[in-house]
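A quick write-up on the structure given underneath.
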Amino acid sequence: MRIDPHDGRFIQDPYAAYAFLQGTAPVFFWEEYGFWCLAGYDEVNRALRDKRFGRERPGGYMASVTAEKDRAHLADFDALEAGSMLELEPPVHTRLRTLVNRAFVSRQVERLRPRIEQLANQLIDRFEDEAEIDLLPAFATPLPSIVIAEMLGAPTDMAGQLVEWSNRMVEMYMHAPTRATELAANAAARDFASFIRSEVERRRNGMVDDLLGLLVAARDGGDRLSDAELVSSAVLLLNAGHEATVHQIGNAVRTILAEGGDPRRFFETPEATGATVEECLRIDPPLHMFTRYASERVELTPEAIIEPGQQIGLLLGAANNDPAAFDAPRHFLPGRPDQKNVSFGAGIHFCIGAPLARLELQVALKVLFDRLPTLRLAYEPAYRDSYHFHGLERLKVEWWRYRGINRSVEARRKRHRTDHSARSRLRGETEPNPTAPTA
């Protein structure tokens, strides 16, 4: 199959392509990526748990990347990736994950509920009197980034910088990164690692009761955590602790507002809130592809033979919307009896931060709609060109107190619609959407 991940139609609605694949070829060779991919729920779910597929590259990360040409400019980025538990398999993966897992179990994370609720209210306090706001930088981004910074013990005034470094690094996971992207990612990795080392040094003379302090104690104790593993683990936790959650908050707000009516009806009880979050995670997840390497020869189908060391792509967004696994998959049905989304993966690489992400989503969405029940989209948002992540470019919203009375907002929106129509015609689109924002 040829599916350009940068094609505007695919960016805005990958689910149409997924539906075609599920009806035609749930196991297919994606030409643009150069490896076999799985789009069916059963196929993805099995592969996530199949021990013949792992995250570790053949021969190890450094041996694999040094075999590629011209990687010297990525030395700092590669050094962080090589020590990341996300790129490793047992027994090293088990040792690293065990060290940090205690901080992310549900009973520990639940203690953060009051702080997350307080933070959500504080963020809304800042923009409640505005006429129009982009909810991504005002709410969706700072909430999880401040929470994970506080958990690790990083200064909260560094949260914005941590997000910037993270954003530049994750661009490396997109399809066909440019040289400029690689250089920016490497510089971010270098600065990020330097910051973590300085924070570690700050803890040298005494135990600090935070997650980074826990990692320092493990390095200095009997758990044999090396300096490189400590830095890589801290960077991974800071990156993973906010990146996907930012996208999911934005996607969830868009999904809920598209349902119309009073959004508070989805959050009337803790049970309803939990079911709503799970359905948001299923219907429009923030991560659409997760890759694995084969450790032995695997026959997925008679045509799809995966040799040792070869890579496969697991399409989580497609699996979550497979009609063979979910009744009416493109309908938003909180509390559905067939809820079994794979948004956090499965198997030994199941997302370690899932309990924290779920709690942040439950609290953030409930507080947002309780405080602003008349929230509505200022105009239909567009998704970013960032596959395999799936998130919005921006999320402009407004609420009833300013509707129809703020002429400057209406004037900006009119200019925006005119601008988009002109650009659409230049791109050769036959049916430009007058309500979609420009890229």
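Every number in this text was worked out from the coordinates using simple rules, so none of it is lab data. Computed from a prediction, not measured in an experiment: that's the story for all the values here. Note that each Cβ is placed from the backbone with ideal geometry, even for glycine, and that neighbours are counted across all protein chains shown.
In the elastic network of the chain, a GNM with C-alpha springs shorter than 10 Å, the most mobile of GLY353, GLY260, GLY313 is GLY260. Of the residues ASP284, ASP370, ASP125, the one that moves most in a GNM of the chain with alpha-carbon contacts below 10 Å is ASP125. Taking each residue as 0.36 nm, the span from ASP50 to PHE127 lengthens on full extension beyond its C-alpha to C-alpha distance by 23.0 nm. GNM on the chain, alpha-carbon springs under 10 angstrom: the most fluctuating residue among LEU361, LEU211, LEU377 is LEU377. Direction-averaged projected area, Cα convex hull, region 336-380: 5.2 nm², rounded to one decimal. Enter the Cα centre distance for the pair region 156-175 and region 307-347, rounded to the nearest angstrom. Going from one Cα centre to the other spans 27 Å. As a length-normalised measure over Cα pairs under 8 Å and 6 or more apart, the relative contact order of the chain settles at 23 percent. The ellipsoid that matches the Cα gyration tensor of region 1-132 has semi-axes, each √(5λ) in whole angstrom, of 33, 28, 20, with the longest given first.
The slack in the chain from THR181 to PHE350, taken as 0.36 nm per residue of separation less the alpha-carbon distance, amounts to 58.0 nm. Obtain the nm distance between the two label points defined at ALA75 and LYS340 by a simple spin-label model: each point lies 7 Å from its Cα along the Cα-to-C-beta direction. Reported label-point gap for ALA75 and LYS340 is 5.0 nm. Charge tally around ALA364: other residues with Cβ under 13 Å, Lys/Arg +1 each, Asp/Glu -1 each, net +2.
Less than 5 angstrom separates the built amide H of LEU395 from those of LEU135, LEU136, all sequence-distant by 5 or more or on a different chain.
Nearest 0.05, what FRET efficiency do ASP227 and ALA25 give at R0 = 45 Å with Cβ-Cβ as r?
0.45
Between the alpha-carbon centres of region 250-267 and region 107-145 there is a gap of 17 Å.
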